[in-house]
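The next block holds one structure in the form of structure tokens; read it before the comments.
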Ligand code: GCO
Ligand code: MN
Ligand code: MN
């Protein structure tokens with residue numbers, strides 16, 4: 001473990017207007033920069049990063065927060081004395097380097113006990129252990145100051161459909177979340193839950209696979225007001241969906257409690273690439289949405305660096321995620337300051353105002369006016385929408401030519 005950042009990364013991290021600052025609210029998981037590059041076909045390629053040095057490095061890079069699963073910090077078999085010492089030292093590092101823990105979560109997928117899932121495992125003893133482990137992990141998260149608690153249903157799904165009743169599994173998931181909401185209420189914690197959908201991997205199919213499924217499920221809980229979403233870029237792309245639209249729906253419903261930023265090449269295994277490294281245009285519109293529609297939560301990167309990299313590559317990766325976000329933020333500013341684009345948008349969205357007044361809700365009067373109105377649908381059909389011109393201008397902004 002190096003004691004400080006390599007000099008070229010130190011220079012770059014402070015070099016210009018895109019340099020990350022605390023007020024940007026960038027956060028990383030201990031498991032993200034700490035990813036050691038193991039995959040199903042190959043072993044670890046990097047040494048373990050110590051959580052204390054990770055706090056220091058991320059702070060030096062300009063990050064604001066660090067998130068964790070219970071066992072990223074406290075080993076699953078730690079004694080109480082070991083746990084207390086580790087937590088004490090970690091809190092000291094947070095205070096020394098001015099870092100926060102905005103979000104915490106539970107590892108309910110790594111230990112073999114969870115091979116059939118946690119809250120939806122067919123074995124009641126495993127379900128009971130999962131609840132116990134999560135309550136303990138919630139206590140840890142709250143002790144570290146977390147305001148959001150994430151639930152990613154790692155192995156909550158099936159490989160063999162015959163083995164599990166999907167309706168019962170969903171009921172078990174609901175029971176677990178209702179139990180844990182009540183736990184938070186009884187303890188007097190001010191903690192909100194953020195559920196993270198993913199369509200598959202590591203299981204063949206995961207329950208509650210997309211933003212839309214998860215959103216509908218939230219409203220069936222006892223305390224829907226406590227529960228929102230933690231959507232992840234890669235996960236919706238794995239399902240072939242438009243992430244920007246999914247996030248917009250969560251945001252519009254007041255349910256975007258947290259977000260996992262990364263990148264992904266289409267529907268395949270979960271790649272967790274550096275933010276903005278693949279889908280440049282979708283990333284632009286995502287940053288535009290977050291910046292313009294009032295998302296004030298953490299900009300959390302749930303990504304990891306390529307397996308080819310050494311530790312210096314990890315910090316290149318982390319800095320890259322944050323710089324790219326800020327570069328897109330600047331592109332978004334240019335888009336909204338571009339007079340040609342804005343004039344075009346105004347013209348596009350203006351349209352014929354004759355019917356505007358009839359579209360803002362049902363009254364007996366608007367209903368009968370609408371029924372009697374005469375539409376020249378052939379004239380309406382002749383209109384061009386200038387989307388070609390507008391899209392080209394957006395591309396020119398993104399490519400840095402405007
Ligand atoms: C994944 C998930 C996880 C979760 C994390 C926090 O696909 O591995 O995205 O990284 O986000 O467990 O709950
Ligand atoms: Mn992922
Ligand atoms: Mn994630």
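The values are calculated or read from the model by the stated rules, or taken from the named source; none is laboratory data. Every value quoted in this text rests on a predicted model; they were computed, and no experiment measured them. Using ideal geometry, Cβ is built from the backbone for each residue, glycine included, and neighbour counts are taken over all protein chains shown.
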Restrict the check to the stretch 301-319 and report whether at least one residue is surrounded by fewer than 24 Cβ atoms within 10 Å (Cβ to Cβ), on the phi > 0 side of the Ramachandran plot, at pLDDT 95 or above and away from ligand 1 (no atom under 16 Å from the Cβ).
no
Only one residue in 33, 45 is surrounded by 20 or more Cβ atoms within 10 Å (Cβ to Cβ), within 23 Å of residue 262 (Cβ to Cβ) and either more than 16 Å from ligand 1 (Cβ to nearest atom) or assigned by TED's automatic domain parsing to the domain that holds residue 325 (or both), so which one is that?
33
With the requirement that a residue be without any contact (Cβ under 8 Å) to a residue 40 or more places away in the chain, within 14 Å of ligand 1 (Cβ to nearest atom) and not in a loop (DSSP other than H, G, I, E, B), what does the stretch 199-227 give you?
211, 214
Would you say residue 72 is in the same structural domain as residue 152 (by TED's automatic domain parsing), within 16 Å of ligand 2 (Cβ to nearest atom) and either on the phi > 0 side of the Ramachandran plot or at pLDDT 95 or above (or both)?
yes
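Here's the yes/no breakdown for (1) closer than 19 Å to residue 22 by Cβ; (2) surrounded by fewer than 16 Cβ atoms within 10 Å (Cβ to Cβ); (3) within 16 Å of ligand 2 (Cβ to nearest atom):
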site: 61; (1), (2), (3): yes, no, no
site: 65; (1), (2), (3): yes, no, no
site: 82; (1), (2), (3): no, yes, no
site: 86; (1), (2), (3): no, no, no
site: 93; (1), (2), (3): yes, no, no
site: 103; (1), (2), (3): yes, no, yes
site: 108; (1), (2), (3): no, no, yes
Quick one: which of 154, 141, 163 is at negative phi and within 16 Å of ligand 2 (Cβ to nearest atom)?
154
Quick check on residue 254: is it surrounded by fewer than 18 Cβ atoms within 10 Å (Cβ to Cβ), within 23 Å of residue 149 (Cα to Cα) and away from ligand 1 (no atom under 13 Å from the Cβ)?
yes
Could you list all residues from the stretch 119-139 that are more than 14 Å from ligand 1 (Cβ to nearest atom) and touching a strand residue (DSSP E or B) at 6+ places or on another chain (Cβ under 9 Å)?
120
Applying the selection to the stretch 275-295, what residues are over 13 Å from the mean Cα position of the chain (by Cα), in a loop (DSSP other than H, G, I, E, B) and either at positive phi or touching a residue at least 24 places away in the same chain (Cβ under 8 Å) (or both)?
276, 277, 279, 293, 294
Checking the conditions here, which among 222, 260, 302, 272 is within 14 Å of ligand 3 (Cβ to nearest atom) and more than 24 Å from residue 330 (Cβ to Cβ)?
272
Only one of 300, 304 is within 25 Å of residue 243 (Cβ to Cβ), in contact (Cβ under 8 Å) with a residue 60 or more places away in the chain, assigned to a strand (DSSP E or B) and assigned by TED's automatic domain parsing to the domain that holds residue 46, namely 300
Give all pairs with beta carbons closer than 9 Å in which a residue from the stretch 372-386 that is in the same structural domain as residue 345 (by TED's automatic domain parsing) meets a residue that is part of a helix (DSSP H, G or I); count only pairs at least 6 apart in sequence or on separate chains.
373/354; 373/355; 373/358; 375/355; 385/348; 386/344; 386/347; 386/348
When only residues in the stretch 152-201 that are within 16 Å of ligand 3 (Cβ to nearest atom) and under 18 Å from residue 70 (Cα atoms) count, which is surrounded by the most Cβ atoms within 10 Å (Cβ to Cβ)?
195
If I filter the stretch 228-246 down to residues being in contact (Cβ under 8 Å) with a residue 40 or more places away in the chain, within 12 Å of the chain's Cα centre (by Cα) and closer than 26 Å to residue 172 by Cα, which single residue comes out as farthest from ligand 3 (Cβ to nearest atom)?
230
Neighbours by Cβ (under 8 Å, 6+ apart or cross-chain): first from the stretch 99-127, closer than 17 Å to residue 160 by Cβ; second within 16 Å of ligand 2 (Cβ to nearest atom) and part of a strand (DSSP E or B):
117/157; 120/157
Those residues of the stretch 267-285 which are more than 15 Å from residue 318 (Cα to Cα) and in contact with a strand residue (DSSP E or B) (Cβ under 8 Å, 6 or more places away or on another chain), in sequence order:
271, 278, 279, 283
